[in-house]
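A short write-up of the structure that comes next.
The values are calculated or read from the model by the stated rules, or taken from the named source; none is laboratory data. As the structure is a computational prediction, the values presented were derived from the model and not from experiment. We place every Cβ from the backbone using ideal geometry, glycine too, and count neighbours over all the protein chains shown.
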Amino acid sequence: MQELRVKTNHIELQVRSYPGDGNPLIFLHFSNANLMMWQRIIPFFQEKYRVILVDTRGHGRSDRPDASHHIDEMAKDIAGMMDRMGVKKAHIVGSSLGAEVGLSVAANYPEKIISLVCDGALSSEFGPYGTWEGSELEFKKDVAETLQKMRDKPVTYYPSVEELVEARREILTKYGLWNEHVEAMERYGAYKAGDGNFTHGMGKNANQSYMQGYFHCRLEDYYNKISCPILMIAEKENENEVEKAAMRGLRDLAKQAQIAEIRGWMHPYGWLLDPDEICRVILDFLGNNPDSKLNS
C-alpha cells in the first residue's frame, strides 16, 4: 500500500494506492466521509484490481478550499489525479457524492472510464427525473430556506479527537451505524481548526458550496452522455414509486445501464456495516466489463 499526495487542479489530494495486476479501480466516498470508508471492502477487490482510494477535495486529508465544490470541479480533480498517476483508464465505484462525481467523470472524460458503479445519484432533486412533487416556485423557496439554515447553523468543535469520536459514536449508535470501521473513518476524518479545536467532515463554506450545486444539478444531463456500462445500486425494499420511476428513467437515458437491487442495503453506510453482497454484485459486473487490456 502506498500513501500519496497528488497535485491536481490547483489542490492536493490524499490518495491511497494498493498494487494489483488488473485494471485500476477507483473508489469515491460519500459526503463528509473519507477514504477510510472503504477499508472493509478492499480484500474483495485487491487480488484482481489496482485499488485506488482518494479523499475528495474538502474531505479527509486532502486540501480544503472554501469554494468550488461542484461535482464537475471534483471530477476535474479526479481526472487530473489519474493523469498524474499514469492511470489511462479505470473503473469507478462511487457512493452518494462519490457517485455524482463518478457520473461527471464518465460524462466529461469518457476516454478515462471503463465502467461506473453508482451507489446514489439515482434521481435529481427537481425536474422530469426528480423527486420533488411540488411546483418549481415551491422548490426554489425550499432550497433557499435550506441553504439559509445551513448558513445559520454553527459549527460544532471539540477540544480533542477523542471527544469528537465519542460524540459521533453517541449520535450514530442511535441509528445502528457504529462499529470499528465507522470509528476508524471518523477518527481519520477529524481535523484541527484554526483555533486548535477539532471538527470533522466538510467545512461549513465547502458544504454550502457543494449543496448549492447539488440542488440544481440535473443528473439526466450526465446519464444521457455516458457510453460506458453503469451499475446503479438500489435498495430492494424501497417502495417510493417516485424515486424508482426517476431511477428507471435515468437508466433508460444511458446507453448501457442496469439496476441491481440489494436486499437490506443501507445507503451509504452499508459499505462499513454489511458489504458482502454488494461486493459480490460489483465483482460480477466488473467481470462482465473487464476491458482486458491493461491501461496503467
- Note on the structure: Taking segment 228-277 and keeping residues modelled with pLDDT of 95 or more and of a type in the set (S, T, N, Q) leaves 256, 258
- Note down all Cβ pairs under 6 Å where the first residue falls in segment 165-182 and is at pLDDT below 95 and crowded, with 19+ Cβ neighbours inside 10 Å, the second is part of a helix (DSSP H, G or I) and of a type outside the set (Asp, Glu), and they're at least six residues apart or on different chains. none
- Query: Is there a residue in segment 79-93 that is of a type outside the set (A, V, I, L, M), closer than 19 Å to residue 209 by Cα, at pLDDT 95 or above and surrounded by fewer than 24 Cβ atoms within 10 Å (Cβ to Cβ)?
  - Reply: no
- Message: Checking the condition part of a helix (DSSP H, G or I), in contact (Cβ under 8 Å) with a residue 24 or more places away in the chain and within 23 Å of residue 236 (Cβ to Cβ), which residue from 80, 98 passes?
- Response: 98
- Taking segment 185-201 on its own, how many of its residues are of a type in the set (A, V, I, L, M), out of contact with any Leu (no Cβ under 9 Å at 6 or more places or on another chain) and surrounded by 15 or more Cβ atoms within 10 Å (Cβ to Cβ)? 0
- Query: Is there a residue in segment 254-261 that is more than 20 Å from the chain's Cα centre (by Cα) and under 28 Å from residue 83 (Cβ atoms)?
  - Reply: yes
- Check segment 142-155 and report whether any residue there is touching a strand residue (DSSP E or B) at 6+ places or on another chain (Cβ under 9 Å) and either at pLDDT below 95 or within 30 Å of residue 284 (Cα to Cα) (or both). yes
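Conditions (1) part of a loop (DSSP other than H, G, I, E, B); (2) farther than 24 Å from residue 62 by Cα, marked per residue:
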position	(1), (2)
211	no, no
222	no, yes
234	no, yes
250	no, yes
255	yes, yes
- Query: So, of the residues in segment 96-135 that are of a type in the set (Ser, Thr, Tyr) and within 17 Å of residue 73 (Cα to Cα), which turns out to be surrounded by the fewest Cβ atoms within 10 Å (Cβ to Cβ)?
  - Reply: 109
- Verdict on residue 160 being among the hydroxyl-bearing types (Ser, Thr, Tyr) and either under 21 Å from residue 122 (Cβ atoms) or touching a His at 6+ places or on another chain (Cβ under 7 Å) (or both): no
- Is at least one residue of segment 130-150 part of a helix (DSSP H, G or I), in contact with a Phe, Trp or Tyr (Cβ under 6 Å, 6 or more places away or on another chain) and small (Gly, Ala, Ser)? no
- Item | Residue count, segment 278-296 (criterion: surrounded by 12 or more Cβ atoms within 10 Å (Cβ to Cβ), modelled with pLDDT under 95 and not small (Gly, Ala, Ser)) | 5
- Count, please, the residues in segment 20-39 that happen to be buried (at least 21 other Cβ atoms within 10 Å of the Cβ) and assigned to a loop (DSSP other than H, G, I, E, B). 6
